[in-house]
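So the structure is just underneath, and the comments pick up after that.
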Amino acid sequence: MAKERVLVTGGAGFIGRHVCRALLERGHSVIVLDDFIEQVHGESDGTGLSRDIELIRGDIRHCELVRRALRGVDAVIHLAAEVGVGQSMYAVERYVSVNDCGTAVLLEELARSPVRRIVVASSMSIYGEGLYRRTDGQICERVDRQAEAQHVNGQSWDPVDLDGSPLEPLPTPETKPPTLASVYALTKFTQERLTLLLARAYGMEACALRLFNVFGPGQALSNPYTGVLAIFASRLLNGERPIVFEDGRQRRDFVHVEDVADAFAASLERPEANGSILNIGSGRNYAIGDVARQLAVSMRRTDLAPEILNKGRFGDIRHCFADISRARRVIDYQPKRFLEDALAELAAWVRSQRARDRVNEARSELEARGLVA
């Protein structure tokens, strides 16, 4: 396709930097709009971005700034958002304002000056619990496990059928109805729907990528609400045991940030992606407790076994991992970097970093508000 001028909102963040690199490698020119909030960026001022990128520093909610960033732009990748399931449950105004009002501002400006295509970062969190199958083979799309009550009664953390029969977790496809279990999930679903709705109304193409647990070098290690791998790594780097909620057997899909960046570039370029909602994961699943142990081995800290809390957090789900067959078909998505092969690289990068371990601060915030049981 022709080379384009692409605006990447939130382009100075962990995922954004890799997306920008992928776009530059494909010959596109890139503009980044980013507010550099301290929780994510620390003291970074953007100097680590490529010199080929035009940087505009500011808030996605400022319409005049967004209007300036959109001048001469052919396409948009919208990553700018507050991220964190737990924090979203008490910083409600902040999450709704940045994620949803910010998206509304961007779309209002795009209505004035439409682009060819906008790709928005959505999240696996909108599914709530993933897809399950009953012992009789029936598929269950809506599961409410009532985790606290089950744990108090001495039962498994895993959801069960109404008669107490176990449910088998399955890869979750895009067709599964959303179950919005947190404020963060609600805001990401709103971002997704606003983008697809208004893009169509104003003659633009659009695509939403539902990202699963993204990992890789460059993640914000001092942010206690970032991806779980970065949180574990920060603890280990500071000589502390990783903290694992529930029993550690909950399962997730971990996808490498380079695969995510390739997915965004492909979603921007491939005609077939227009109007699509796509899961972007690895297609594999891992128990959280095992991941903590494997990371400790990779970081040469086998003395720091994970601390299994046997406590749950409000809004957490038990199992959710990706069915990526639609992304394979629509954008020829082929993940190349899997967790078991990439942990050594991640550990080597982490050992070269400094990080403030703020996990206990975050946990205290949740406990003070009754969000941990």
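The values are calculated or read from the model by the stated rules, or taken from the named source; none is laboratory data. Not measured: the values here are computed from a predicted model. Only protein heavy atoms, including side chains, enter the accessible area calculation; ligands, DNA and RNA are left aside. Shrake-Rupley method; radii C 1.70, N 1.55, O 1.52, S 1.80 Å.
Tabulated data for the structure shown
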quantity: The chain, relative contact order in percent, only Cα pairs under 8 angstrom and at least six apart counted; calculated: 18
quantity: Calculated from backbone phi, Karplus (6.51, -1.76, 1.60) coupling profile of the stretch 315-320 in Hz, x at Gly/Pro; calculated: x, 6, 10, 8, 10, 7
quantity: Two-decimal Rg/Rh across the chain, once Rg and the Kirkwood Rh are taken from alpha-carbon atoms; calculated: 0.95
quantity: Carbon/sulfur fraction of accessible area - the chain, other protein chains in place, 1.4 Å, %; calculated: 47
quantity: Three-way shape call for the stretch 93-219 based on the alpha-carbon gyration tensor, with the a/c threshold at 1.5; calculated: prolate
quantity: Degrees, to the nearest 10: 288-298 long Cα axis against longest axis of the chain; calculated: 80
quantity: The chain: calculated mean residue ellipticity at 222 nm from DSSP helix runs of at least 4, using -39500 (n - 2.57); calculated: -10000 deg cm²/dmol
quantity: Euclidean distance of C-alpha centroids, the stretch 234-290 and the stretch 158-203, integer Å; calculated: 16
quantity: Per residue accessible area of the chain, 1.4 Å probe, in Å²; calculated: 43
quantity: Between 0 and 90°, nearest 10: helix 339-351 axis offset from the chain longest Cα axis; calculated: 80
quantity: Helix 14-25 axis, angle to the chain major axis (alpha carbon atoms, nearest 10°); calculated: 40
